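None of the figures in this text is laboratory data; all of them are computed from the coordinates on show. Source: prediction; values computed, not measured. All Cβ positions, glycine included, derive from the backbone under ideal geometry; neighbour counts span all protein chains shown.
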Amino acid sequence: MAAALIQAIDGQQPHLLRLPAEEGSASALEEVRYALGSRQPPAGAVVLEAGRWLLRLPDLRQLQELLGSVQLKLVRVASRRPETLVAAAALGLDTDPGPPRSAPSAAAPGAAAPDLLVHRGTLRAGDHLQGEGSVLLLGDVNPGARISAAGNVLVWGRLRGVAHAGVSGNREARIVALQLRPLQLRIADVVARGPEGLPPPGLAEQATLVEGEIRIDPAAPDFSG
């Protein structure tokens, strides 16, 4: 199914641009160009429903330019992909990870763990966000708060509390944040204190296990590194 552009009912509502449910041979830019060609709405705001499409910063910039050429403005991106949400936020767009997921209860033996838990909002002292897969937090982790995951820990904000990735022993897990200055970092069974001093300007940071020690390096702003 091709991309669909649904015109707003009135001038107060944004237009809805919905990509196909599954990625195909056509790029997102080609899908949107086709949708615009089939029915171009009047000027206004646009909400992009990207679903499981992986859209990085260059992809979203191209979509912005294409929409802008016909007096449409991309204002919000809804996606189930953390990389797409983070890239959209980096461009100053509103983001929507979809309906919030509550912490899962104990799963039946052999059941697959969820791949991603998305949480919007700041964790304050005493809070603990935990996921059975990877966790994406759209907010800050304040001192006294904890965030942990069996997979990766991704923070679109400042990480100043405690973060634990790979809690079940996954030594390939990583911790990524826009500002990585936690009180404590843990990856699998390895523990380290957070770095001192200010982070590099304009760069996200990631912590990974290298030769049995936690190392912090710059990370791509779409968290895909």
Under a plain spin-label model, where a point goes 7 Å from the Cα along Cα-to-Cβ, how far apart in nm are Ala45 and Ser168? 4.0
Listed by chain and number, the residues whose amide H is under 5 Å from that of Gly131, excluding neighbours fewer than 5 places away on the same chain and using placed H, are Ser148, Ala149, Ala150
Over its Cα atoms, what ratio of radius of gyration to 2.2 N^0.38 Å does segment 41-83 give? 1.16
FRET efficiency (Thr122, Ala21; Cβ distance; R0 35 Å; to 0.05) is 0.60
Diffusion constant of segment 15-62 at 20 °C, which comes from Stokes-Einstein with the Kirkwood Cα-pair radius and 1.002 mPa s, µm²/s: 186
If each residue of separation counts as 0.36 nm, what is the full-extension length gain between Tyr34 and Leu203 once their alpha-carbon separation is subtracted? 57.3 nm
Please give, to one decimal in nm, the separation of the simple spin-label points placed at Leu183 and Arg61, each 7 Å out from Cα toward the Cβ. 3.9
Going highest first, how would you order 58-66, 20-28, 44-52 by mean Cβ packing within 10 Å? 44-52, 58-66, 20-28
Starting from the Cα of Ala4, step 7 Å along the direction of its Cβ; do the same at Val210; then give the gap between the two resulting points in nm. 4.8
Compute the Kirkwood hydrodynamic radius of segment 126-204, taking the inverse of the mean of 1/r over all pairs of distinct Cα atoms, and give it in Å to one decimal. 12.1
